[in-house]
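Worksheet: the structure to be examined is printed underneath.
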Amino acid sequence: MTVPMRRLVVALVVCCALVAGATACGSSSTTSRVPPAAAEHLAATPSPSTSAQRQKFAKTRFVLNAGLAAGATYKWIVKPAREGKFKKGAKHRRRALVKAALAGAFSYNRLKAAVRNAQGDPALARALAPLERGIEGLKNLPASLRRGGSSGDQAANSFNNVINQVKDAGRGQGAVVHNQVPTTSQLVSGARS
């Protein structure tokens, strides 16, 4: 037998062995099947097994959600308020107000998610407990932004103060939050959820 023919025979034998082994180890008809969409979700979702891992993932998710809220708040609420874009008669005021309203809804939703994430870490949950009332108060601030003037500045400052308190609470528990500016699609989809 020539060398190329031997390689072909060896490859054929190996393939047959792999197919036979896979067939022998296949699932039986009594096991339940997982739909492909559910299988993808289960594969993509990390499943921590220990308490320490659950706490670490909780802090990581907290940092991500709080960072997105902080980035959106600074870029589309605090910075335009400092530049006077919410005042009556300001150029592109309507566009700034629409972006601020979306950013406000997005930030509120991400802060609520951060509070839920913090429940996985007892120390972080205790640190955020006093801030929940302030986070709930952010729900009504977009109307204040629309009024403009000092009312708009106060609303922007309220958003900024709550974000800074959340950052400080996280920093005190080892979860340092940095501003992460969300993309426009994240802003729109996050404001709806």
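Observations on the model:
- Restricting the search to helices (runs of 4 or more DSSP H) fully inside region 74-189 and requiring at least 1 residues that are aromatic (Phe, Trp, Tyr) gives 93-118, 149-172.
- Subset of region 98-122 that is hydrophobic (A, V, I, L, M, F, W, C) and open to solvent by 30 Å² or more (accessible area, probe 1.4 Å) - its residue that is farthest from residue 171 (Cα to Cα): 98
- Every residue from region 73-88 that is without any contact (Cβ under 8 Å) to a residue 60 or more places away in the chain and open to solvent by 80 Å² or more (accessible area, probe 1.4 Å): 79, 83, 85
- Test for residue 69: is it touching a Ser or Thr at 6+ places or on another chain (Cβ under 7 Å), in contact (Cβ under 8 Å) with a residue 40 or more places away in the chain and assigned to a helix (DSSP H, G or I): yes
The values are calculated or read from the model by the stated rules, or taken from the named source; none is laboratory data. Since the structure is predicted, the reported quantities are computational estimates derived from the model, not experimental observations. Every residue, glycine as well, gets a Cβ built from its backbone with ideal geometry; the counts of neighbours run over all protein chains shown. Surface areas here come from the heavy atoms of the whole protein model, side chains and all, with no ligands, DNA or RNA. Shrake-Rupley method; radii C 1.70, N 1.55, O 1.52, S 1.80 Å.
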